[in-house]
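Reading through the structure tokens given below for one structure.
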Amino acid sequence: MVDNLNAWLDSALQTLLFIAGAPLLAGWIKRLKCHLQNRAAPSLFQPYRDLVKLFAKDVVLAEHASWLFRAAPYIVFGAMVLSAAVVPLVAVPLPASAIADVIVLAGFFALARFFQALAGMDIGTAFGGMGASREMTVASLAEPAMLMAVFTLTMTASTTNLSIAIRHILAAGLVLRPSFLFALLSLAMVTVAETGHIPVDNPATHLELTMLHEAMVLEYSARHLALMEWASMIKLMIYAVLISNIFLPWGIASRFTVAAITVGTLAVTAKLALLSVLLALWETVLAKMRLFRVPQFLGFAFLLALLGVLTHVILETAV
Amino acid sequence: MMLAYAAVVAALLSGAVAMAADRFPPALRIGSFSLLGVSGAAALGAGILALLSDSRSRAQLPFGLPWLSWHLRLDPLSGLFMAMVGISVIAVSLYGPGYVREFERGVHTPHHAPSDGAPQPAVHHSLAALGLFTGLFVAGMLAVLLADDAFVFMIAWEIMSVSSYLLVVYQHHNSTSRQAAFIYLLLAHAGALVILLAFGVLAGSAGSFTFAAMRTAHLSPVWASVAFALALIGFGMKAGIVPLHVWLPEAHPAAPSHISALMSGVMIKVAIYGLIRFVFDLLGTPQWSWGLATLTIGTATALLAVLYAVQQNDFKRLLAYSSVENVGIIFMGLGLGMIFIATGHPTIGAVALLAALYHCLNHSVFKTLLFLGAGAVLYRTHERDLDRLGGLIRRMPHTALFMLIGCLAISGLPPLNGFVSEWLTLQAALQVSVLSSGVLRSIIPVAAALLALTTAIVTATFVKAYGVAFLGQARTRHVAHAREVSIGMRAAMALLALLCVALGVVPTLVIRLINPVTRNLLHLGPAGATVRGWLWLTPVSPHVASYSAPLVVAAMASTLLLAYVLLHLRRRATRRSQPWDCGFGGLNARMQYTSTAFSQPLRRVFAPVWRTEEQVSLPAGSADQASGMRHQLHITDWSWPALYQPVGHLVLVAARRVGRIQTGSIRVYLAYSFFTLLLLLWLIT
């Protein structure tokens, strides 16, 4: 029982670490990008400062905003916090993973997106509707691709519980699985699309032709905006952690000793830092895609993920 | 069993009472609908009792043919579907009295004929007909569920079909209603004929029309497959599988909204009940090829129907297409069930079957809710066209809230009920590695991928429907002045919305209730979906997958509360101001994204799926590019020109040929009769 309690405590701490660390990751990526593009970089902690500033401000609401518009940021943020709670960050026996498996995780993302899109449509401006329409189009292709990519993992480990699945991979040691290669590529492409990065979206601009995510949150201000922004940072972090802990689970703590957890924290920090370098490079060398090229990009991701699952089913399971 | 009788009788009585409604309108509002409510409550009670007691009660009634009295039976399977009918009927009986006022006043016909904008004359609708056929319709559905021989089954089936046809054609002043109803009648009878043939195959080898005899009959695999194929087509036609679905999006929206709710919410389920009864109960052990066929059809149905749904601008048509899509998901569950059972993995098969049954229950709740909500909008605004609605969340706050819950549920979002059944279906599909056949092992993951794609597009569909109808600003004047509907109508929606939440939050209790059904059908021990107590849903084993909806809700609620409290520690002012208009000023309702605009990106992505005719023209003489431009868009289903028009053409040609023997002279006809008689005598002897 004490052990159990410890595990749940650890679960809660991991979630807090997750939420608190998300802006840091966003700041790190921004800094890297600036360096790569020969721009003066903001501080690593700039996202925290932005959040604090937004939280302190007074809310300005549009005239026709309904209760749904005001409730949406809380729901979006809540869904992201719950998602963060079920993804193992530094230690593996994560009891919270049993509450919600990967399919529920995709469900949480969908829930957040649903409310974000509705909030975009609530004011009745063209921007909001456009953002909602585009976001839902992109998501309707990205979400199944993400699920399929993760299914490769869950079928390998024959469980959809993330914590158990990662332990399974850790126990199996270094095995070359072709299916994982497909899944990794696909998940990386989905990450780029779902978290609003080049070539799918560019949150840094406010230009009608390029906006996806930004168009939906255009009318938000102060704490509502802060919650929305924070939620999208957490989402980026979740995807990054999924990639690093599924495909490179080594270093993650499997016991609750101080040493193991320190190693786990360092390992995941190093992995995320490295992944961010790749993302920043990718964003620097690629140009933004036309909106109607995006479905092809995501269709490719979907097919890759499907290939991953099929490769696993056909090649890697003993009959 | 007594309760079940009471349900049927109350439904019939409600029809009978309604006969007086033309002279005395309150008869329908008060008498008929309260009897319908009694019928619903009795059906729900009978269903739940049958599920709880896990028993079978039979009865024989001395009606019908001299050599075949009516066999009735109430077992957990019929009990489950009876409970579904009960829930929807209760909601409709609460909703109906408010909704039929419109027909009572006879002021408006809901004008949705797109072409004529002219005000239509006030038309009187017969309230008696509405009440009578509603009663018959409900009684027919309940009788189908009770039937224990093919004879009763077919009679009840026909009562259900014909009375629902008469309800579809109820607004017969509208030519689209008439046309929809005719197509419905045609296909319903083609379907019934095929079902009759399927029963014929079984009865032929059983030597009797009773289900009890059919259960023990042994068919050769070929004949069993023939019977299965006939049943799949026959029941599938009623349930609306692609490409036999065309009648559904025409007929369901044409009926009055509470009838649409019953048709989409429950009648489709009765067809699925028929298929489950036929395949899992009467035919014996399924073959894996049947499962594959069902799975393939289900996947195609789900994906194509949702792609059609997302392009609809008519609220009720959109909902009807979405019903087709949900039938597809249910068929996927059934197909997976058949595959796993046929290959000797009954416990996983039970999970898939459970998923299908759960989804039936869920769909009957949320689709009834959504149709009632669309009906409420129609009642107040006389608009079904999404592009003319908008901003209703401020005018009809309660309806908007209930509809939001319905949209969340149907989009399969946690923690509501739609998610649970889709989760179970995916879990069953993920167990594919126990199968040894390579074909199945590669097809099932593809089906799972397409299910994920379907769910994602469903979310887009309902974001569009809800966002355009309820959010933003009103696009027409009378929508801007809409009022909230009566308390009874709201109560009906509230009840269903509450059920959506309850079925989603405590899935384990629901599954315990459904478990006797799968146990009886598959002859299994108690299922392990709830081994870790009511908090945890663990379909295969706790190690493989678990989901705890109560904890999700608790965690979600506490996070929301915490965030809200932390952010409101200090009281701060909230200012209202104009939305950002890019500095041009004067935002108006016409600048909003419309339903057509919302689905445009998806239209481009999946272009080949639809038959799209799009025209942009600038009328000659108008110099003003911005205001003179006309845009026309017609999106139609491919299955019309590809399947139905050739068949219809063939039938016409054949009819013309046959028409030649019709001379109009009675002597020739008598000669025909004589020779036919001779031929038949020769054939028999």
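The values are calculated or read from the model by the stated rules, or taken from the named source; none is laboratory data. Quantities reported herein were computed from a predicted structural model and do not represent experimental measurements. Neighbour counts run over all protein chains shown; Cβ positions are idealised from the backbone, glycine included. Surface accessibility is based on the protein's heavy atoms, side chains included, excluding ligands, DNA and RNA. Shrake-Rupley method; radii C 1.70, N 1.55, O 1.52, S 1.80 Å.
Details
- Along principal axes, Cα extents of the protein assembly as shown, largest first, whole Å: 102, 72, 51
- Ranked from largest to smallest solvent-accessible area, with a 1.4 Å probe on the protein heavy atoms, B:W290, B:W640, A:W250 come out as A:W250, B:W640, B:W290.
- Estimated translational diffusion coefficient (Stokes-Einstein, Kirkwood radius over Cα pairs, 10 °C, 1.306 mPa s) of the range A:1-99: 97 µm² per second.
- Near B:A231, once Lys and Arg are set to +1 and Asp and Glu to -1 for all other residues with Cβ below 12 Å from its Cβ, the sum equals +1.
- The protein assembly as shown: Lys pairs at Cα distance under 23 angstrom, eight or more positions apart or on different chains: 18
- Degrees separating the helix A:178-194 axis from the principal Cα axis of chain A, which is the longest one: 20 degrees
- Ordered from highest to lowest accessible area with the whole protein assembly present and a 1.4 Å probe, A:D50, B:D149, A:D58, B:D387 read as A:D58, A:D50, B:D387, B:D149.
- Taking all protein chains together and a 1.4 Å probe, the residues B:L167, A:L13, B:L230 rank A:L13, B:L230, B:L167 from largest to smallest accessible area.
- Packing-based order for B:9-15, B:539-545, using average beta carbon neighbours within 10 Å, highest first: B:9-15, B:539-545
- Positions from the range A:76-90 whose accessible area shrinks by 40 Å² or more when the full protein complex is built, not the chain alone, probe 1.4 Å: A:L82
- For peptide B:590-600, the mean count of partner chain Cβ atoms within 10 Å of a residue's Cβ comes to 4.
- Interface size, chains A and B: roughly 6800 Å² of accessible area buried, both sides included, 1.4 Å probe, rounded to the nearest 100.
- Relative to the longest principal axis of the Cα atoms of chain A, the long axis of helix A:46-56 makes an angle of roughly 50 degrees.
- Rounded D (µm²/s) - the range B:197-255, Kirkwood Rh over Cα pairs, Stokes-Einstein at 20 °C, 1.002 mPa s: 167 µm²/s
- Cα gyration tensor, the range B:639-684 - rounded (a/c under 1.5), prolate or oblate: oblate
- Entry note, chain A: the mean residue ellipticity at 222 nm calculated from DSSP H runs of n ≥ 4, each adding -39500 (n - 2.57), is -24000 deg cm²/dmol after division by the residues and rounding to the nearest 500.
- The equivalent ellipsoid of chain A has semi-axes of 31, 23, 19 Å, largest first, where each one is the square root of 5 times an eigenvalue of the Cα gyration tensor.
- Accessible-area composition of the range B:286-524, carbon plus sulfur, in percent [1.4 Å probe]: 64 percent
- Heavy-atom accessible surface of B:L94, to the nearest 10 Å², is about 70 Å², with a 1.4 Å probe and all protein chains retained.
- Probe 1.4 Å, accessible area per residue of the protein assembly as shown, Å²: 38 Å²
- Helix axis angle, A:67-86 relative to chain A longest principal axis, alpha carbon, degrees: 20 degrees
- Unit charges at the beta carbon, dipole of chain B: most positive-side option, B:A41, B:L670, B:A156: B:A41
- Using a probe of 1.4 Å, the accessible surface attributed to B:V222 totals some 100 Å² when neighbouring protein chains are kept in position.
- For chain B, a crude dipole built from +1 on the beta carbon of Lys and Arg and -1 on the beta carbon of Asp and Glu, taken about the Cα centre, is about 1100 debye to the nearest 20.
- Accessible surface of chain A [probe 1.4 Å, protein heavy atoms]: carbon and sulfur percent: 70 percent
- Alpha carbon convex hull of the range B:286-524, projected area averaged over orientations, nm²: 12.1 nm²
- Share of carbon and sulfur in the accessible heavy-atom surface of the range B:639-684 [1.4 Å probe, %]: 75 percent
- The charge dipole of the protein assembly as shown, taken about its Cα centre with unit charges on the Cβ of Lys, Arg, Asp and Glu (plus for the first two, minus for the last two), comes to roughly 860 debye.
- Chain B, helix-only ellipticity at 222 nm - DSSP H runs n ≥ 4, -39,500 (n - 2.57), divided by all residues, nearest 500: -21500 deg cm²/dmol
- Assigned charges on the beta-carbon of Lys, Arg, Asp, Glu; the range A:2-316 dipole about Cα centre (debye): 640 debye
- Surface/4 of the Cα convex hull for chain B, nm²: 37.3 nm²
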